[in-house]
1. For the range A:159-239, what class follows from the C-alpha gyration tensor (a ≥ b ≥ c being the square roots of its eigenvalues): rounded when a/c is under 1.5, otherwise prolate if a/b is larger than b/c, else oblate?
2. Report the percentage of all Cα-Cα pairs in the range B:113-256 whose separation exceeds 28 Å, rounded to a whole percent.
3. Against the longest principal axis of chain B, how steep is helix B:110-119, in degrees 0 to 90 to the nearest 10, with axes from Cα atoms?
4. Under 12 Å from the Cβ of A:N3, count the other residues' Cβ atoms, weight Lys and Arg +1, Asp and Glu -1, and hand me the total.
5. Give, ordered by residue number, each residue of the range A:1-39 whose 1.4 Å probe accessible area is reduced by a minimum of 20 Å² on adding the remaining protein chains to the chain alone.
6. Give me the distance between the Cα centres of the range B:196-250 and the range B:89-145, rounded to whole Å.
7. Can you give the accessible area of B:D215, probe radius 1.4 Å, in Å² rounded to 10?
8. Of the cross-linked pairs B:K60/B:K138; B:K127/B:K148; A:K11/B:K43; B:K77/B:K136; B:K8/B:K136; B:K60/B:K148, which ones have a Cα-Cα span greater than 28 Å in the structure shown?
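The values are calculated or read from the model by the stated rules, or taken from the named source; none is laboratory data. What you are looking at is a predicted structure, and each value in this text was computed from that prediction instead of being measured. Cβ atoms come from the backbone with ideal geometry, glycine included; neighbour counts cover every protein chain shown. The protein model used for the area step is the full one, side chains on, heavy atoms only, and it has no ligands, DNA or RNA in it. Shrake-Rupley method; radii C 1.70, N 1.55, O 1.52, S 1.80 Å.
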Amino acid sequence: MFNLFLYELRKRRNAIIGWGIGMGLYILYILVLYPTIGDAYSGLIENLGDNPLFQMFGDFQSMSSFSGFFSLYVADYLPLILAIYAIINGTAALAGEEEAGTLELILSQPLARWQIVLAKAVAMMVAMLLILLVTAVMTIITFIAMEEQLGSTGVTLGDITVLILYAWPVVMVFMMMALFLGAFLPHRRLAATGVTLFLIIAFFGDNLAGLSDTLARLQPLFPFSYYDGSQLLEEGVPLDDLLLLLGANLALLLLALISFQRRNVTVGAWPWQRARIP
Amino acid sequence: MTNVIETKNLTVYYGPHRGIVDLDLAVEEGEVFGFLGPNGAGKTTTQRVLLDIIRPSAGKATVFGLDCQEEGVQIRKEVGYLPGELQLPEGMTGRRFLRTMAAIRGDNHPAFRQELCERLDLDLSRKIDEYSRGNKQKLGLVASLMHKPALLILDEPTSGLDPLVQQTVLEMVRETRAEGRSVFFSSHILSEVQAVCDRVGIIRQGQLVAVERVDDLIEQQLRRFRLTLVETPGDNAFNFEGVSILDRHDHSVTLEIRQNLQPVMEEAVHYGIVDIEPQTVTLEEIFLAYYGAGNGANNV
């Protein structure tokens, strides 16, 4: 099983480098922009800060300070962008390989199905963690290089690392959901559609929760609601939220294990179609 | 003799669609068992059930006496599998792929792996993306053979290979049998089944319609003779049930016989026998006789 894990991790080598550098460049772009547009944003927020259309895309009220500006672009958009990779990768791991035909070779090896799911899931978890580590390292280098331009930010390198790495349990929810739906639904495209819809609803739902009672009631279901950048920088890691996210990940992984255990691989059918003899 | 594969009333449905129905199959230890049938007959479904890739709707399948669902891991330790629709992961070299598969399996036969690659003339330094269809098939074959499994399950193993390599593969199958290991050889190419298999099972529309020794099948079921006679036989000569006249020339007649030879010989004696020349009947022709016209034989 460990060798399968290594194989799965090696397959993601390019993605780790590519997405890690990509996310690092995204944060570099934000930091380079800040000295230029920081003041301009303050004026904009005075006029548009409480506009619902503006709020759909994040808590822009907090952008009057550097920590608010930085945490919004990291806590709101980093997991959103990485969730796209999570959905692609999560649905590819089982459903994608099943449709491509490569899963048949793995299934013919002396491994239990739970071992296959677990090896793939752990490889995905480690890959995502490595992407965030590459992002964090690039951000720290950028931060040190731009220390003079940024001035006094009140944000330490430790804060930056924690803020970026905390995206991991949030993004993993989408990845584990994609893995589960890939093992449960007949086709990968159905699984990808399902998780993408959830991502869109969760992103806008979380940002607009303050404007609607219905959305406010649903907010605990949105993973983004457990990733408040400003709060994280001020109060540190919220352990209860972290445990909740880890619990959700574990529950989704268990569902993926159960679904794949029962799956008729290569058939592309709903789980309940197997036993039927017409 | 012990059975390495045994199925009882094995049935698989894909929703409303038939996969296999009430399949009773027994493959003996140390034999090469040919599994013949046209596309869609249920060959691949049967193999996938044996490897627990697909779960049966009813019935039971065992390999080495172990239940395919309950003890799949134990079974797969001793099984080498070449899928018919072989798909390999891209972005890695052939060497990396084989090493990965060997590591996952816990295989310790690197020298044998190398020997197989050399015999199949397989270049392992290239990326799988750059491999031709034939080279991918060779790679799949090495992956299925390299751990010297007690049971080989091969689905169309010579597909995409050139004739010389096909012969090498068939030779490898014979060697596997010579070492006392078993092979479940699925194919729709009858000549290669005839060349390497001890017994053959014919599957048709999901049901096993016949299991015979290849030799018996050829010898007993369908014969073809060219008779040279003293007198020219009449128009109604050899008009028996199960006898077809394939060719007729003055004193000679070519007959295909699916029945007892006795009435044919009695009639031949009547015209005076000069010569009896047996002709080779291929397994393909026997297979077509089993299937009959319009029963899927066109797919073969």
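1. Oblate.
2. Pairs farther apart than 28 Å: 42 percent.
3. Around 40 degrees separate the two axes.
4. +1
5. Residues passing the criterion (a loss of at least 20 Å², heavy atoms only) are A:N3, A:Y7, A:R10.
6. Cα centres, the range B:196-250 to the range B:89-145: 43 Å.
7. Probe radius 1.4 Å; accessible area of B:D215 about 100 Å².
8. As for pairs spanning more than 28 Å Cα to Cα, those are B:K60/B:K138; A:K11/B:K43; B:K8/B:K136.
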